[in-house]
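K.L.:
The structure is given below, and queries will be raised subsequently.
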Amino acid sequence: MDQAEVIPRRLAPHFPSSVLVIRLATLLCLWAAWEALAASGLLYQGVIPSSFRVGAALAKLLASGDFYYNLEFTLFEVLASLALGVSAGLVAGLALGASVFAGKAFEPYLHYLAPTPKIVFLPILLVLFGVDAGSKIAMGTLSCFFPMALSVATGVRQIDPVLLRVGRSFNLNVVQTIRKIYLPSLVAPIATGLKLGLGVAIIGCLLAELKMSNRGLGFLVMQYYSQFRIPELYAALIVAFAVAALGNLLIGRLVRRRGGG
């Protein structure tokens, strides 16, 4: 047997365990640094509470019915934003990617607007949709639209032209071409847009709730901040992080089942 084949086989079983050890060691070091900073007194008292206090606050938060009421409201906003932003971004990305003229004419605007902080549009959205869920969903939709549209447009241009010529030879109409050629070829770009879109949709909804809302996770965070309940504030932020991480995990598993990697 060739030596080049023997070495990878010997190393491969030990590599995942080494990575796991490094990850656990990193988390342990971060936790130790947090506890040391909390006990040092270098910062204003209570700004960095002990992780045990944050854990207790998280347990109390998860046992509260009021928390689930606010969480449900935020999840509804995020899911509605994701559905609207992904749909609009998918259509725009297909149009820009499939048409050279449309791409050159309109895509530069997306590139210029994509990095713009979407919070600057919040006053306009509040005027248009009011202070309830509508403005938060609009904020999340606007945030989610750009990464999906740009990701899909880039993916469309990377589709093998041979596939499109085969589709034309079979006289596929526009809907059939999208369903049989574009969408199966765009699983990875759509997944990328979904992951990025989910993150910015959560950020957009939470920012809108922080500025003006009477319910939602952002409202809870601001309530805890105004009352200087710092452990509860960190606990609410941990929940928001967990929602984003769980969403990305679900998207990743869905993509793998669809054969996108």
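K.L.:
Do you know which of the residues in the range 20-50 that are surrounded by fewer than 10 Cβ atoms within 10 Å (Cβ to Cβ) and of a type in the set (Gly, Ala, Ser) is nearest to residue 227 (Cα to Cα)?
P.N.:
41
K.L.:
Only residues that are touching a Ser or Thr at 6+ places or on another chain (Cβ under 8 Å) and buried (at least 23 other Cβ atoms within 10 Å of the Cβ): list them for the range 203-248, please.
P.N.:
204, 205, 206, 208, 209, 216, 217, 218
K.L.:
Moving to a separate point now. Within the range 129-155, restricting attention to residues that are at pLDDT below 90 and of a type in the set (A, V, I, L, M), which residue is nearest to residue 190 (Cα to Cα)?
P.N.:
Among those residues, the one meeting the criterion is 133.
K.L.:
Scan the range 107-122 residue by residue and report those that are hydrophobic (A, V, I, L, M, F, W, C) and either assigned to a loop (DSSP other than H, G, I, E, B) or surrounded by 15 or more Cβ atoms within 10 Å (Cβ to Cβ) (or both). Before the answer, list the steps.
P.N.:
Initial filter on the range 107-122 (hydrophobic (A, V, I, L, M, F, W, C)): 110, 113-114, 119-122.
110, 114, 119, 121, 122 - these are the residues of the range 107-122 that are hydrophobic (A, V, I, L, M, F, W, C) and either assigned to a loop (DSSP other than H, G, I, E, B) or surrounded by 15 or more Cβ atoms within 10 Å (Cβ to Cβ) (or both).
K.L.:
Determine which member of the set 182, 234 is aromatic (Phe, Trp, Tyr), at pLDDT below 90 and either outside the structural domain of residue 83 (by TED's automatic domain parsing) or part of a helix (DSSP H, G or I) (or both).
P.N.:
Working: 234 fails: at pLDDT below 90.
That would be 182, the only listed residue that is aromatic (Phe, Trp, Tyr), at pLDDT below 90 and either outside the structural domain of residue 83 (by TED's automatic domain parsing) or part of a helix (DSSP H, G or I) (or both).
The values are calculated or read from the model by the stated rules, or taken from the named source; none is laboratory data. Not measured: the values here are computed from a predicted model. Note that each Cβ is placed from the backbone with ideal geometry, even for glycine, and that neighbours are counted across all protein chains shown.
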